[in-house]
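The values are calculated or read from the model by the stated rules, or taken from the named source; none is laboratory data. These figures come from a predicted structure and were not determined experimentally. Neighbour counts run over all protein chains shown; Cβ positions are idealised from the backbone, glycine included.
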Amino acid sequence: MAATEQRKATWKQIGPGIVVAATGVGAGDLVATLIAGNLFGYTLLWATIVGCIVKISLAEATGRWHLATGRTIFDGWTSLGRWTWAYFGIYVVIWGFVYGASAMSASALPLAALFPQVPFNAWAILAGLSGLAIVWFNRYAVFEKIMMVFIGVMFVIVVGLAVYVAPNIGEALAGLVPLLPAGSLFYTLGLIGGVGGTITMAAYGYWVNAKGWRDSGWMRMMRVDNRVAYITTGIFVIAMLIVGAELLYNSGIALSSGDQGLLDLGDVLRERFGGFVATLFLVGFFCAAYSSIIGVWHGVSLLFADFVDHVRGRTGTDPAATEKSLPFRAYMLWLTFPPMLLLLLGRPVQLIIAYGVLGSFFMPFLAFTLMWLLNSSRTPAEWRNGWISNTGLAIAGGLFLVLCGYELYGVVTGG
């Protein structure tokens, strides 16, 4: 079959998009959406939809590069200069150290609430070790099925909860009109930027290849996969905003910042609807947090392994071989064991600051380098960006630059 012949898009093939979206929507994104609903009701509903469109543009561009060129995103970055190696190498080491502790902590919160007899740190370490085992001993096909189970449970519980609290349809429709209430600017930017978007968006192309999609004949399937994934994610995030709007808006309840805010919601649900509903929500909370663990352990390790291959002068490694390679497994170990020190000793403030600043730089780096690559001769002419893709990537890059500036401002001012 010729590479340019389009394969038929089928529902049974959908997978990599769900994986990247589920990985990107972690406990922190749920808290941000919940607090937005808590503070502004349905007013910022439109921002979650814009966020989905932005992420569809980013993920589609990543997948299109892999399929159109037969090269990985790291091949593309390398063609732009070895400065990309320096940035990525520093970033991925610091990010992985702190993210590992954050992800394990987020997964431990609902488990500790459900089973308080077991120490919190024990749950966190168990979450990290079990995530390591799942990725270490399984190839992509099994990993994808496991991720599908977690996002399925997460979706049913949170969307079901949104229906259960009886949303105000009129106010929800009014929330589709773009408005910025006083004090809502950075909540709005956070909603747009946080709908399933992390470094794992750069891993989408690797998951596409691991699925067996290797050439431009899979382009139609990739686009269907990507859109279904982010529409599903959008529904999920809208459901979380509905929960915040209906249960907490004008109630005077102040949620804790960080992942602890989801436990606060669990307490509210217990008071309003009883222990069964609260327990179901904690299960959904765990699925959201734990799917991010196994997604990052797999996806970012693929990125790291490709980075090491390029440093060694090796390219074109088969994804199936990469999953069992030494660099892939070494990065999984880096995500798992050193961060346990942060769980036991507390998280150093300087490292958290460095993580926040570097993290805010990655998404504009991804958006603008994709624009560069997909508008150049590096990409076959028929698959280069059109005005729609360029607009989406420009909006994404500009948005994340603003968020980056806000992060830097917070570091300088101590805010």
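Residues in the stretch 369-395 that are over 11 Å from Trp65 (Cβ atoms) and touching a Phe, Trp or Tyr at 6+ places or on another chain (Cβ under 9 Å) were compared, and the one that is surrounded by the fewest Cβ atoms within 10 Å (Cβ to Cβ) is Ala394.
Restricting attention to the stretch 1-21, the residues that are modelled with pLDDT of 80 or more and in a loop (DSSP other than H, G, I, E, B) total 3.
Would you point out which residue out of Leu326, Leu302 is modelled with pLDDT of 90 or more and under 23 Å from Met104 (Cβ atoms)? Leu302 is the lone residue from the list that is modelled with pLDDT of 90 or more and under 23 Å from Met104 (Cβ atoms). Residues being buried (at least 24 other Cβ atoms within 10 Å of the Cβ) and modelled with pLDDT under 90 are represented in the stretch 261-271 by at least one member.
One line per residue, one yes/no per condition, for (1) modelled with pLDDT under 90; (2) farther than 30 Å from Ala210 by Cβ; (3) not in a helix (DSSP H, G or I):
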| residue | (1), (2), (3) |
| --- | --- |
| Thr23 | yes, no, no |
| Gly28 | yes, no, no |
| Ala47 | yes, yes, no |
| Ala61 | no, no, no |
| Trp65 | no, no, no |
| Phe74 | no, no, no |
| Thr78 | no, no, no |
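I'd like to verify a number: residues in the stretch 100-122 that are in a helix (DSSP H, G or I) and not small (Gly, Ala, Ser), how many?
Looking only at the stretch 100-122, we keep the residues that are in a helix (DSSP H, G or I), and these are 100-114, 120-122.
Next, from what is left, pick out any that are not small (Gly, Ala, Ser): 104, 109-111, 114, 120-121.
Residues meeting the conditions: 7.
With the condition kept exactly as written, say whether any residue in the stretch 275-286 is under 18 Å from Val135 (Cβ atoms), part of a helix (DSSP H, G or I) and touching a helix residue (DSSP H, G or I) at 6+ places or on another chain (Cβ under 6 Å).
yes
The numbered conditions (1) farther than 18 Å from Ile192 by Cβ; (2) surrounded by fewer than 22 Cβ atoms within 10 Å (Cβ to Cβ); (3) in contact (Cβ under 8 Å) with a residue 24 or more places away in the chain are all true for Ile18 except (2).
Within the stretch 389-399, being under 20 Å from the mean Cα position of the chain (by Cα) and at pLDDT 90 or above holds for Leu393, Ala394.
Meeting the requirement of 2 or more residues that are touching a residue at least 40 places away in the same chain (Cβ under 8 Å), of a type in the set (A, V, I, L, M, F, W, C) and surrounded by 24 or more Cβ atoms within 10 Å (Cβ to Cβ), the helices (runs of 4 or more DSSP H) wholly within the stretch 123-239 are 140-164, 185-194, 204-210. Filtering the stretch 336-388 down to residues that are within 23 Å of the chain's Cα centre (by Cα) and part of a loop (DSSP other than H, G, I, E, B), which residue is modelled with the highest pLDDT? Per the criteria, the residue is Phe337.
Evaluate the following for Met221: is it under 14 Å from Leu67 (Cα atoms) and not β-branched (Val, Ile, Thr)? When the stated conditions are applied, Met221 passes them.
Annotation: Thr84 fulfils all but one of (1) under 17 Å from Met340 (Cβ atoms); (2) modelled with pLDDT under 95; (3) touching a Ser or Thr at 6+ places or on another chain (Cβ under 7 Å); the unmet one is (1). Whether a residue is touching a helix residue (DSSP H, G or I) at 6+ places or on another chain (Cβ under 8 Å), crowded, with 24+ Cβ neighbours inside 10 Å and not polar (S, T, N, Q) was assessed, and Leu39 does not pass this test. When we screen Thr78, Thr69, Thr84 for residues that are surrounded by fewer than 23 Cβ atoms within 10 Å (Cβ to Cβ) and under 25 Å from Trp387 (Cβ atoms), the only hit is Thr69.
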